[in-house]
1. Considering only the stretch 208-230, how many residues are assigned to a helix (DSSP H, G or I) and open to solvent by 20 Å² or more (accessible area, probe 1.4 Å)?
2. Would you point out the residue of the stretch 56-105, among those that are polar (S, T, N, Q) and open to solvent by 30 Å² or more (accessible area, probe 1.4 Å), that is nearest to the chain's Cα centre (by Cα)?
3. What are the residues in the stretch 76-122 that are among the small types (Gly, Ala, Ser) and assigned to a helix (DSSP H, G or I), if any?
4. For the stretch 123-142, does any single residue satisfy the condition of being outside any helix (DSSP H, G or I), among the small types (Gly, Ala, Ser) and either touching a helix residue (DSSP H, G or I) at 6+ places or on another chain (Cβ under 9 Å) or open to solvent by less than 10 Å² (accessible area, probe 1.4 Å) (or both)?
5. Would you mention how many residues in the stretch 58-75 are of a type in the set (Phe, Trp, Tyr) and in a loop (DSSP other than H, G, I, E, B)?
6. For Ser110, which of the numbered conditions (1) closer than 21 Å to Arg13 by Cβ; (2) modelled with pLDDT under 85; (3) of a type in the set (S, T, N, Q) fails to hold?
7. Of the residues in the stretch 231-260, how many are open to solvent by 40 Å² or more (accessible area, probe 1.4 Å), assigned to a helix (DSSP H, G or I) and over 30 Å from Ala344 (Cβ atoms)?
8. Restricting attention to the stretch 311-338, which residues are in contact (Cβ under 8 Å) with a residue 60 or more places away in the chain and assigned to a loop (DSSP other than H, G, I, E, B)?
Amino acid sequence: MQSPTFKQAIFNRRMLICIFTGFSSGLPLFILYQLVPGWLRSEGVSLTEIGLFSLIGIPYVWKFIWSPLMDRYSLPVLGRRRSWMLLTQVLLLFSIASFGYVDPVMNIWSVAYLAAAVAFFSASQDIVLDAYRRELLPEHELGLGNSIHVQAYRLSGLVPGSLAFILADHISWQAVFLIVAAFMLIGIFLSLTIKELNNASQAPKTLQEAVVLPFKDFINREGIKSALQILAFLFLYKLGDSMATALQTPFFIDLGFTKTEIGVVAKTASLIAMTIGLAVGGIVMIKLSINRALWLFGIVQIISILGFAALAEIGHNTYALAFAMGFEYLGVGLGTAAFTAFIARATNPAFAATQFALFTALTALPRTFANATTGVIVEQIGWTNFYFICTALAIPGMLMLLKVAPWREPTKQAPQEIA
């Protein structure tokens, strides 16, 4: 079989679908981690309380618990994957819009409950979108497809992280949240227009199969030792940059940047960096292996964290803000693209929902629990030292590459059969 040309690899319907899955998946998360903290900070909520809001990301960590249900069962219409997509997206549309009707100072617990609901619906949407994408992409398109998905995921952050803050200087927060929520219509459009993949034969026959077989398959394919190393790597690789970006918007506000400056300067630089990242990432993921991309992009990812430390020392300077944000989006975006492709490669399409949910849940652990302490850390040691700590925490994940994704890839053994 002839390998596809560069043009055929990029310009096909599967890559277009990856753009939509990325945008729909990223939007709710960036609302929780950029818009909500910025909204709370601008309303006078303390950094410690905002940092604790990271705990609402717990559903992203535990989503593998209910992923077998979404693998085994489907709703009466649209099929196994599309029905769950549509339901979670409609629930996200209404729950995101509801933020605008809550006073964060008088009803901080109402904000917390609502944020937890958005996190649950978002994590559930991720389960089915990840599974659909894994079933959609052939092996040779995993690198590029996931790179495009991640760049679109990052692109969605411009809505709650840029557009929303520009609008907030001119209209009420209630109207802002209604407008941001309306962007979930992009995901709803996706669910209504794509085709359900013809994979009914792969669906688990019982709930017990849906729970047990994904774990059994992973251990049989990798062996106990390699499986544990992969799980440790999934936890460590994004630890540093997850913490570095946890309080990004409050960091900018503390440096004296206005909401419009955050919206225009920081996010315009991010858009340019993402455009470059999409082109560079796509070419690298086609020309190089996933392993080598993890090494190259991981190094850039570590260096990009130091850009925030430099910004903390420079202070209120729009050029420094643009450089730090641009480099962060380039480095972290590329690192995430290679990382997501690695996760996809480690999953079996037959058990995509549960395995993908388990693997991505591990990557969400540091973002949820470690990030809950970031506000306390910053208030104790300051922003500059905080970013130095984040840089140091990024190194262990890079060292794990020696075991799980060596630069020179060994010959892959044939997978063992599942009993």
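1. In the first step, residues of the stretch 208-230 are kept if they are assigned to a helix (DSSP H, G or I); the result is 208-222, 224-230.
Cutting the leftovers down to open to solvent by 20 Å² or more (accessible area, probe 1.4 Å) gives us 208-209, 211-213, 215-216, 219-222, 224-226, 228-229.
Going through the stretch 208-230 one residue at a time, the tally reaches 16.
2. Here is the first cut: in the stretch 56-105, the residues polar (S, T, N, Q) are 67, 74, 83, 88-89, 95, 98.
Adding the requirement that they be open to solvent by 30 Å² or more (accessible area, probe 1.4 Å) leaves 74, 98.
Numbers: Ser74: 25, Ser98: 23 Å.
Out of the qualifying residues, it is Ser98.
3. First pass over the stretch 76-122, keeping only residues among the small types (Gly, Ala, Ser): 79, 83, 95, 97-98, 100, 110, 112, 115-117, 119, 122.
Across the stretch 76-122, the qualifying residues are Ser83, Ser95, Ala97, Ser98, Gly100, Ser110, Ala112, Ala115, Ala116, Ala117, Ala119, Ser122.
4. So the first thing to find is which residues in the stretch 123-142 are outside any helix (DSSP H, G or I), and the list is 137-138.
If we keep only those that are among the small types (Gly, Ala, Ser) too, we end up with none.
No, the stretch 123-142 contains no residue that is outside any helix (DSSP H, G or I), among the small types (Gly, Ala, Ser) and either touching a helix residue (DSSP H, G or I) at 6+ places or on another chain (Cβ under 9 Å) or open to solvent by less than 10 Å² (accessible area, probe 1.4 Å) (or both).
5. Taking the stretch 58-75 and keeping what is of a type in the set (Phe, Trp, Tyr), we get 60, 62, 64, 66, 73.
Those still in the list that are in a loop (DSSP other than H, G, I, E, B) too: 66, 73.
Residues that pass the stated criteria total 2.
6. It is condition (1) that Ser110 fails.
7. Going through the stretch 231-260 one residue at a time, the tally reaches 4.
8. Hits for the stretch 311-338 are Gly315, His316.
The values are calculated or read from the model by the stated rules, or taken from the named source; none is laboratory data. Quantities reported herein were computed from a predicted structural model and do not represent experimental measurements. Note that each Cβ is placed from the backbone with ideal geometry, even for glycine, and that neighbours are counted across all protein chains shown. We work out accessible area using only protein heavy atoms, side chains counted, and drop any ligands, DNA or RNA first. Shrake-Rupley method; radii C 1.70, N 1.55, O 1.52, S 1.80 Å.
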